[in-house]
Each structure stands twice: as C-alpha cells, then as structure tokens.
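Please read the structure below before turning to the comments.
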Amino acid sequence: MAAHNKLTQKQIEAAKADGKQSKLTDGGGLYLLLHPNGSKYWRMRYRHGGREKTLALGVYPAVSLKQARELARAARAQTAAGIDPVAERRRTRPGSGRSLPEIARAWYGSRQGQRADNTLEGDRRSLAYLTDYYKDNTDINDITTAGVSKFIEHLNRRNIPARARRTVQILAQIWDYAVRRGIITDERRNPAATARPLLNTSKPKPQPHIRPDELTDFYHALQTAHDLHPYARPLLLLAALTVPRPSALLSARWQDIDLTARLWHIPAADMKTKHPFTVPLSDWAVEILRELHTQTGDNIHLFPGIRPRRKPAPHPDHISIKFAHNAIRRLGYDGSTPGKSKHTMHGFRHLFTNISLTAGKDTLTTDLALGHISRAALQRAGFSSLHHYLTADSYRLQERRELAEWYSRRHRQAYEAAAKTPQNKKPPEKNSDGILPKTLAIKPKRY
C-alpha cells in the first residue's frame, strides 16, 4: 500500500512548476497539481468501475494540506463502499436537479436588452436545437464531453454548419453562466469547448456577384429591359453606387437623405452593427436621388411598397428583397442564362471590393465604405469607441467621398458604354388595340 502524508507545508509553499504542469504526490492518490501560472490545485486519483478517475478537492491555499487530506480520506471511504465520489458530488451539489433547458432560458433572459434584436432572434433559433435535444429532465451537472459529442454528431447530420457552430458556442456560454452562478461547482473543463472540434468545418461562400468585366453587359440589360418596374433601375443603380447592405437601402427614408450635403445618414436600427452610419453620395447618386424624389418624395421611404396591404400596418411599407432579386432575374443574372453570372443585391458589395482593391485603393477606406468594423484599425487611428469609427462623420469621410466619386465614374463609364451597345432585344408586342400591356405602360426614367 502506498505511503500517505509525504508532503510538508514547506515543500508546498516552495513548489513551482518549471514551464509546464507538474505534480507533488502526498500518497493515497492525493497530489498537488502545479500550473505554470503559479496556481496550485488539489487532486485525487482513484479507480471506480475499472476506470481511473480524478476528483477535484479545491485550490491551495484556500484548501489547506490538512483539509485536502481529510477530503481525500472521505473520498477513499466512498470508493471502498462502492460509491463514485465524482458522481456523488454531482448528485448532492446545490445545482442538482436544475435542467439544462431551464438554465438556458435563464441565460437567454440575462441577454435581453444587452444584445441587438437580430442577435437575440438568432440565439433563440439556436436554443431550439438545444432544448429539443436536451429535455427538461436533463440535469446540467450530468452533461459530459461524450454527451456533447453525440449532440454535435446530431447537428452535423442536420447539415447546418453555421447554426451548429453557434449552437455549440451557446452551450459553452450556458455552461460558463452556470459556473459563475455556482450552479456548477465541478472544476472540469467546459464539455462544449472540449467537443467543439468535432463540428463539421465549412467555408463561407460569398454572395453571388458579377465580375467587373460583366458590368457593361449588366447595364446594357438594365437599359434595354422592357418589363421592369419603375423602381427597379434607380434601386439597382443606387445599390451599385452606394454599396450598402440590401436591407438598409430597401428601407431607406427620405428624412435620412441630405442631398445638399450629399450624405445618407443610416440610423442605427437599420445597421447590422446597430451603430449609425454615414454614406457619402457621389454626384451621379445625387442625380438619381433627385429624379427619384419626383416620383416617391411624398412617401416616407425611397421605395415604398407597391402592393396595398390587406390589413393596416403599424409602420409604412417598403419594397422587399424579393422585388430586387426579381428585377435582377429579369435581367438574366439569376444563374440560368448562359454567359451571365448569377448576381444578388449583396453581390454589389463584393463587386465594389473587387474593383477597388484591384485598382489599388486603400484597404481601410474600402472597409469603411462597406461599414465593416476593424477594432485593430480603430485603435491604430487613436479611437477608443466604435461610435467614432462607424459614423465616419469625421473619420476618413473625405477619403470615402473621393472613393465614392471615383467608383461612381467607373460605373458611369460602363453605363455609357452599355448605351452605345446595339439593342438585340425585341420590344414588347402591342395588343390588338395597339396598346402596350398595362404592366409595361409606365416608362421608367433613363439615367
């Protein structure tokens, strides 16, 4: 039988880890685990059910040598009686009986008002996978790495890599939340963090977009299409010139457009980052907006809804992303036309990046134009808050205005070249009365 009580107080106080974890053995399975950061942890090795296990007994000096030996003695008595000390601790600890879904709901509630609504909605969807798999009778103290591994396999079979990654991330945060509140007192590693590498890897796919050398053909299709709604041309042109996130442009309001100062102030509620953002407008963009104002200036939105609602809505309506993508589809850029790439509203942002960086434009200014966040760049510029960086009212606004004007000229050249291209498309046929179909009778402005 191994000797007990090998350690002395002086040995413990003088002990230090030499660059990596090391152990000081006291005997009977009890040892002091030394970390390179100077921390010292009491651990006890034992066997139960034919397997070797480790029991955490506390941190030195909060748990003294004498106390650690008493705890180890009690644990050895449990193993002699056929009881697993770790399992018994889980069964009798204060958090025992609290289910994972219950604590998940508490975690979610703690984030209310602290996170953006779209983030909370995404988390709610991820939590649905957790609560569906881990029922209300699943004690959080019974969650193990092996169990989480099976849950990850379940998510992998669903083929939802992005959602699965966020769901496992949330599970890890729920575990940490429970630890901070004393619901989990076990010092074992977060099982979700340990099992996370089992997630299927996925590479983000950029939104479909046309190539820079297709721009003239794209504009030719835009100029010669006969079945577009009057909003379609200004919508696609403004998306190409200002490169906002599609939702911001679709819901844009006239009150946020300053044509005199040539600025578009996007409110925080319309930004993914939930910070206000300012977009400098090129001369061509202002020209398009002035013309559009003659058509929709009496409305709240630049592009008001085109179909009457069956029921009164609490807020004025605007066109949808489906309207925009239908317009692109009518131009033949939905991936079904040979020789034409598939394009999307978000693809205008990728096109902007490709053209700007290929031309050698400043990377940070390009990122600013897209409303992207770069904390490192912010710190290098001497700013301490995201507010200054994202509004860009005083930060590189002139550089971004110059970039917007340069990019606008690049597009106008392609647009004017497209106007000189012979028109191959036949105009729509008139009916027997010599009148165009009603849906085509409105002739949109040409820019």
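FYI, it's all coordinate maths here, none of it is from the lab. Keep in mind the model is a prediction, meaning the values are calculated, not measured. Here the Cβ positions follow ideal geometry from the backbone for every residue, glycine too, while neighbour counts run over all protein chains shown.
Hey, could you grab the Kirkwood Rh for the stretch 2-43? Inverse mean 1/r over distinct alpha carbon pairs, Å, one decimal. Don't skip to the answer; put the middle values down first.
Numbers: mean 1/r = 0.0959 Å⁻¹.
It works out to 10.4 Å.
Output ³J(HN,Hα) for the stretch 120-125: one whole-Hz value per residue in order, computed from phi by the Karplus curve 6.51 cos²θ - 1.76 cosθ + 1.60 with θ = phi - 60°, and x for Gly and Pro.
Residue by residue, the stretch 120-125 yields 5, 5, x, 5, 4, 5 Hz.
With 20 Å as the limit, write out which pairs from Lys23/Lys66; Lys6/Lys40; Lys20/Lys40; Lys53/Lys135; Lys150/Lys205; Lys272/Lys342 have Cα-Cα distances beyond it, or answer none. The partial results should precede the final answer.
On the way: Lys23/Lys66 18 Å; Lys6/Lys40 17 Å; Lys20/Lys40 13 Å; Lys53/Lys135 28 Å; Lys150/Lys205 27 Å; Lys272/Lys342 25 Å.
Lys53/Lys135; Lys150/Lys205; Lys272/Lys342, as the Cα separations exceed 20 Å there.
Please give the contour-minus-distance gain from Asn156 to Glu13: 0.36 nm per residue of separation, less the Cα-Cα distance, rounded to one decimal in nm. Show your work: numbers first, answer last.
Working: separation 143, 0.36 × 143 = 51.48 nm, distance 4.83 nm.
Full-extension gain reported as 46.6 nm.
Rounded, prolate or oblate for the stretch 1-90? Axes are the square roots of the Cα gyration tensor eigenvalues, ordered a ≥ b ≥ c, and the cut-off for rounded is a/c under 1.5. Write down the numbers at each step before the final one.
Details: a/c = 1.94, a/b = 1.71, b/c = 1.13.
It comes out prolate by the Cα gyration axes.
When you count, for each residue, the other Cβ atoms within 10 Å and take the mean per peptide, how do 20-30, 113-123 rank with the highest first? Mind showing how you got there, number by number?
On the way: 20-30: 16.5, 113-123: 12.6.
Going from most to least packed, we get 20-30, 113-123.
Restricting things to alpha carbons, find the Rg to Rh ratio for the stretch 103-254 using the Kirkwood radius for Rh. Mind dumping the intermediate values first?
Values: Rg = 22.6 Å, Rh = 19.2 Å.
In the stretch 103-254, Rg relative to Rh is 1.18.
Listed highest first by mean packing, meaning other Cβ atoms within 10 Å per residue, what order do 165-171, 206-212, 240-246 come in? Walk me through the numbers before you get to the answer.
Details: 165-171: 21.0, 206-212: 16.0, 240-246: 22.7.
Per-residue Cβ counts within 10 Å, averaged per peptide and sorted highest first, yield 240-246, 165-171, 206-212.
I want to make sure I understand the PRE zone here: with the label point 7 angstrom from the Cα of Asn299 toward its beta carbon, which residues in the stretch 237-252 have backbone N atoms less than 16 Å away?
Answer for this model: 237-239, 247-252.
I need the peptides 190-199, 413-422 ranked by packing, meaning the mean over residues of other C-beta atoms within 10 angstrom, with the highest value on top. If you can, show how the numbers build up before the last one.
On the way: 190-199: 17.4, 413-422: 13.9.
Sorting 190-199, 413-422 by mean packing, highest first, produces 190-199, 413-422.
Using modelled amide H (1.01 Å from N, peptide plane; none on Pro or chain starts), what sits under 5 Å from the amide H of Leu263, excluding residues fewer than 5 places away?
Result for Leu263 returns Asp258, Leu281.
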